[in-house]
Amino acid sequence: QVQLVESGGGLVQTGGSLRLSCAASGRTFSSYAMAWFRQAPGKEREFVAAISRSGSRLYYADSVKGRFTISRDNAKNTVDLQMNSLKPEDTAVYYCAANGQGYINFKSSEYDYWGQGTQVTVSS
């Protein structure tokens, strides 16, 4: 079993930046593909970014390309999401997710472990 805990959410102005962190328990973190998803009120959960086990492969939703950066530190069991040039439409609860088989996927249903989420609010 793996537990994930997100942190770093908050209120930021349009054009500002936030850095989200996801801390994972367990001893096999490096075997997980990791991803960030987000869900805004009244909308479905959507893919934001993903990173392969070694960190060599990065994937982003078109809506965040050029603004967000996903990274991981396998020695610390953490995954971060650096969010720059934030827009009001980025407002959502952001969730960290892990695929225990190490497979990158863009569907939330394919991830095995989830954090509790952290709120990001971008004011206009």
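The residue list VAL64, VAL79 contains one member that is part of a strand (DSSP E or B), open to solvent by less than 30 Å² (accessible area, probe 1.4 Å) and at pLDDT 95 or above, which is VAL79.
When you look at ARG19, is it open to solvent by 40 Å² or more (accessible area, probe 1.4 Å), touching an Asp or Glu at 6+ places or on another chain (Cβ under 7 Å) and not small (Gly, Ala, Ser), yes or no? Criteria met by ARG19.
Per-residue answers, yes or no, for (1) of a type in the set (A, V, I, L, M, F, W, C); (2) open to solvent by 60 Å² or more (accessible area, probe 1.4 Å):
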| site | (1), (2) |
| --- | --- |
| LEU11 | yes, yes |
| TYR32 | no, no |
| ALA75 | yes, yes |
| ILE104 | yes, no |
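Residues in the range 34-53 that are charged (D, E, K, R) and open to solvent by less than 40 Å² (accessible area, probe 1.4 Å): ARG38 only.
Here is the figure for the range 50-61: residues that are touching a residue at least 12 places away in the same chain (Cβ under 8 Å) and assigned to a loop (DSSP other than H, G, I, E, B) total 6. Please go through the range 82-95 and pick out each residue that is open to solvent by 40 Å² or more (accessible area, probe 1.4 Å), assigned to a loop (DSSP other than H, G, I, E, B) and not polar (S, T, N, Q). Within the range 82-95, LYS87 is the sole residue that qualifies.
The values are calculated or read from the model by the stated rules, or taken from the named source; none is laboratory data. Being a predicted model, the structure only gives us computed values, none of them experimental. Because the Cβ atoms are built from the backbone with ideal geometry, glycine has one as well, and the counts that use them run over all protein chains shown. The protein model used for the area step is the full one, side chains on, heavy atoms only, and it has no ligands, DNA or RNA in it. Shrake-Rupley method; radii C 1.70, N 1.55, O 1.52, S 1.80 Å.
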